[in-house]
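What follows is one structure encoded as structure tokens, with my remarks underneath.
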Amino acid sequence: MRKIILYIAASTDGYIARPDGNIDWLHDKKYNIPDEDFGYSAFLQTIDTTLMGHNTYREILGFDMPFPYPELKNYVFSRSKQEEAEHVSFVRDGAVDFIEKLKEQPGKDIWLIGGGMLNATVLNAGLLDEIILTYIPIVLGKGIPLFSAETEEHKLKLIPTENKLYRNGFLQVRYSC
């Protein structure tokens, strides 16, 4: 069965974006390490599908670049009806049932891109298999949390051989759920 992996970055205080969805702090030049992508390219080789919430999708569309995952199957979860869009399929109802069926289909692993509400839904349903979380050395104080307030308590298991501290202060940890 395919795994669902939440591969994401968060501030040290657990936010994935500013309150308005802005992630400018992730691209601060002081964090740049030449020729280092923090495992992103290797991770992309293991997946063929993405899952993202509507707000995350809108944020991605706002990047000053073409849609970044045209070669992948992309699902956007939204409670409202959406116009058809290139590179994505919209899922309006039954997110948990949809994701359960998706996990059973043949293919590579599935990247849960986020945001916080979808992360909570997938975790609460017991569908999340792993979390690869990169902590960025910044305290935002407020913003969009990694998991929304609807999240139930879950104990995670650290995969100790998969953790890495980068010289720019990034700490990447891997958990099984």
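All of the numbers you see were taken from the coordinates with simple rules; none came from a lab. Computed from a predicted structure; not experimentally measured. Every residue, glycine as well, gets a Cβ built from its backbone with ideal geometry; the counts of neighbours run over all protein chains shown.
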Can you list which of the trypsin sites (Lys or Arg not before Pro) found in the stretch 102-177 are DSSP loop residues with at most 12 other C-beta atoms within 10 Å?
K142, K155, R167
√(5λ) per eigenvalue of the Cα gyration tensor, the chain, largest first, Å
24, 19, 17
R0 of 30 Å, Cβ-Cβ distance H87-L156: FRET efficiency to nearest 0.05:
0.40
Quick shape summary for the stretch 82-132, equivalent ellipsoid via Cα gyration tensor, semi-axes whole Å in descending order, reads 19, 14, 12
Could you tell me what percent of the DSSP beta bridges with both partners in the chain are antiparallel, to the nearest 5?
35 percent
At 222 nm, what value in deg cm²/dmol follows for the chain if DSSP H runs of at least 4 each add -39500 (n - 2.57) and the sum is divided by all its residues, to the nearest 500?
-5000 deg cm²/dmol
Please identify every one of the chymotrypsin sites (Phe, Trp or Tyr not before Pro) in the stretch 9-80 that sits in a loop by DSSP and has no more than 13 other beta carbons within 10 Å of its own beta carbon.
F63
Straight-line reach from K157: which lysines fall under 24 Å, measuring Cα to Cα and dropping same-chain residues less than 8 apart?
K3, K103, K108
Average Cα contact separation per residue, the stretch 1-132, under 8 Å, 6 or more apart, as relative contact order %
44 percent
Exposed loop sites here are GluC sites (Glu not before Pro) in DSSP loop states with at most 15 other C-beta atoms within 10 Å. What is the longest stretch of the chain lacking them?
87-149
If you rank V96, V139, V91 by fewest surrounding Cβ atoms within 10 Å, what's the result?
V139, V96, V91
Is the shape of the stretch 1-83 best called rounded, prolate or oblate, per the rule: a/c under 1.5 gives rounded, else a/b larger than b/c gives prolate, else oblate, with a ≥ b ≥ c the square roots of the Cα gyration tensor eigenvalues?
oblate
Relative contact order as a percentage, the stretch 102-177, C-alpha pairs under 8 Å and 6+ apart, gives 37 percent
